[in-house]
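A.B. asks: Let me give you the structure first, and then I'll get to my questions.
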Number of protein chains: 2
Amino acid sequence: MNARIIPPSTSSSRPTESELDILRVLWDRGASTVREVHETLYADDGAGYTTVLKLLQIMHGKGLVVRDEAQRAHVYRAAVSRQRTQKRFLADLVARVFDGSSSQLVLQALGEGPRASKAELRQIRELLDRIDTQAKRS
Amino acid sequence: MNARIIPPSTSSSRPTESELDILRVLWDRGASTVREVHETLYADDGAGYTTVLKLLQIMHGKGLVVRDEAQRAHVYRAAVSRQRTQKRFLADLVARVFDGSSSQLVLQALGEGPRASKAELRQIRELLDRIDTQAKRS
DNA sequence: CGTTGTCAACGAAAAGTTTCGTATGTTTTC
DNA sequence: GAAAACATACGAAACTTTTCGTTGACAACG
């Protein structure tokens, strides 16, 4: 019936929670078979093998992963970068709970778990400096 | 101390997307009736009145909102603060897509939309200073 | 061989979320 | 007071996401 216009498989949509779990594995391990993903995820998650398979198939349909079918056991690779996904989720979060203010988010993130190391703090300062310089020059 | 053992309806769980939409309205407007929430949300969202009502009832069950039933039209209030919710989502995001590194998130957030004003940047620097001082003193 | 193990592909159940129709009771209006 | 307007509550449909059972193919092993 409804031949679903374009949105479904076109570009990469926002990953669901489970999809994200799998993307994490692919980002960490690199290209992997279903079995490898399943075994990596099994420690925490109790999902069955076919669940992971199905998820990867769905993700393939959505364009979130690409796969190499050369071998019998297909090899999956993330089609969206971690950074791109971070950006997407970040933008979403800022819009949805930080009232559009990303600096609010930064303050909150820094204020909470003071888990930032010295090096990281320095990195952040450097970025701030760079932003200032840029602002002055324009 | 903490007598809350039962997770389901006891404490505030992570709000769903629609629930978040409603919480935003309550945070912005303060305590509101179903009708008020519905009208505020109607501009963008096409949800019907009873949909909003149902959502608020569910949220009430989950402890995300409290309500005053003194009047015929019950008045709902957010039971979780914006800040607390920000914290929760932030922690989730850091864990799920930033590999546990909140400074990674900060860098990404600052690096992207340079929508931070001068005042905000200064605020961020001040917080960094405070963190440094604290670190030295401990 | 034939038995056993591994794999992709479905389909569909199960679980979670969102939406609304309907019932029912209470105010407000004429 | 009867009609209209407005309120809560509920049940269940409509969607979405997650999970798994089953099937058929193929390879590895004995």
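The values are calculated or read from the model by the stated rules, or taken from the named source; none is laboratory data. Quick caveat, the model's predicted, so the values are computed rather than measured. Note: areas computed on protein heavy atoms with side chains; ligands, DNA, RNA excluded. Shrake-Rupley method; radii C 1.70, N 1.55, O 1.52, S 1.80 Å.
A.B. asks: For the cross-link pairs A:K87/B:K62; A:K87/B:K87; A:K62/A:K87, which exceed 27 Å when the distance is taken from alpha carbon to alpha carbon?
C.D. replies: Pairs exceeding 27 Å: A:K87/B:K62.
A.B. asks: Across 5 Å bins from 0, what is the distribution of all Cα-Cα pair distances for chain B, in whole percents?
C.D. replies: Each 5 Å bin holds this share of Cα pairs: 2, 8, 14, 15, 15, 13, 12, 11, 6, 3, 1, 0.
A.B. asks: So if I take the alpha carbon set of the range A:17-78, get Rg, then get Rh from the Kirkwood formula, what is the Rg over Rh ratio?
C.D. replies: On the way: Rg = 10.3 Å, Rh = 11.3 Å.
Ratio of gyration radius to Kirkwood radius: 0.91.
A.B. asks: Give the cross-link partners of B:K136 among the lysines, using a straight C-alpha distance below 25 Å as the criterion and excluding same-chain residues fewer than 8 apart.
C.D. replies: A:K118
A.B. asks: Show me the three semi-axes of the equivalent ellipsoid for the range B:57-138, from the C-alpha gyration tensor (sqrt of 5 times each eigenvalue), largest first, rounded to whole Å.
C.D. replies: Details: eigenvalues 255, 54, 45 Å².
Those come to 36, 16, 15 Å.
A.B. asks: How many Å² of accessible area per residue for the range A:98-137, probe 1.4 Å? The partial results should precede the final answer.
C.D. replies: Working: 2410 Å² over 40 residues.
Value for the range A:98-137: 60 Å² per residue.
A.B. asks: Continuing with the same structure: How much of the accessible area of the protein assembly as shown, probe 1.4 Å, is carbon plus sulfur, in whole percent? Walk me through the numbers before you get to the answer.
C.D. replies: On the way: 8320 of 16550 Å².
With neighbouring chains kept in place, the figure for the protein assembly as shown is 50 percent.
A.B. asks: Could you tell me the total accessible area buried at the A-B interface, probe 1.4 Å, in square angstrom to the nearest hundred? Spell out each step's value before the answer.
C.D. replies: Details: alone 10460 and 10440 Å², together 16550 Å².
Its buried surface, counting both partners, is about 4300 Å².
A.B. asks: Please check the range A:92-109 for residues whose accessible area, probe 1.4 Å, is lower by 40 Å² or more when all protein chains are in place than in their chain alone.
C.D. replies: Residues shielded by partner chains are A:L93, A:R96, A:V97, A:F98, A:D99, A:S102, A:S103, A:V106, A:L107, A:Q108, A:A109.
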